[in-house]
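Remarks on the structure that follows.
The values are calculated or read from the model by the stated rules, or taken from the named source; none is laboratory data. A quick note: this is a predicted structure, and the numbers were derived from the prediction, not measured. Neighbour counts run over all protein chains shown; Cβ positions are idealised from the backbone, glycine included. The accessibility values were calculated without ligands, DNA or RNA, using every heavy atom of the protein model including side chains. Shrake-Rupley method; radii C 1.70, N 1.55, O 1.52, S 1.80 Å.
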Amino acid sequence: MCGKPDNKIECTMCGACCIAFDISVLGKKAGEPCAHLTAGRQCGIYENRPWGCKGYRPDELCILFSSLSEEDRVRLLRKIYGV
């Protein structure tokens, strides 16, 4: 991350990570919205979300993507991470 190592980037609640990635334990395929992604772009099972979701942290990409459409955010995340 840019800046100090303890700088935390807050989630922009765009939902792209909940769409772009495969979450096999939930039976969610890459590119499909997670069934637990709420209309307000929050995780409906946040306290009980699987390890893969817990391990994902917002980063500089989230900030850079903030001006893009949801479709473009998902497309770029999938391309960057090879999913």
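If I go through the stretch 64-75 residue by residue, how many of them are among the aliphatic types (A, V, I, L, M), under 13 Å from GLY15 (Cα atoms) and outside any loop (DSSP other than H, G, I, E, B)? The total comes to 1.
Open to solvent by 50 Å² or more (accessible area, probe 1.4 Å), in contact (Cβ under 8 Å) with a residue 60 or more places away in the chain and either in contact with a strand residue (DSSP E or B) (Cβ under 9 Å, 6 or more places away or on another chain) or within 13 Å of ALA20 (Cα to Cα) (or both), is that true of TYR56? No: the conditions fail for TYR56. The residue list ARG49, ARG41, ARG57 contains one member that is at positive phi and at pLDDT below 95, which is ARG41. Might you let me know whether the stretch 29-48 holds any residue that is of a type in the set (Phe, Trp, Tyr), open to solvent by less than 90 Å² (accessible area, probe 1.4 Å) and either assigned to a helix (DSSP H, G or I) or closer than 18 Å to TYR81 by Cα (or both)? The answer is no; no qualifying residue exists.
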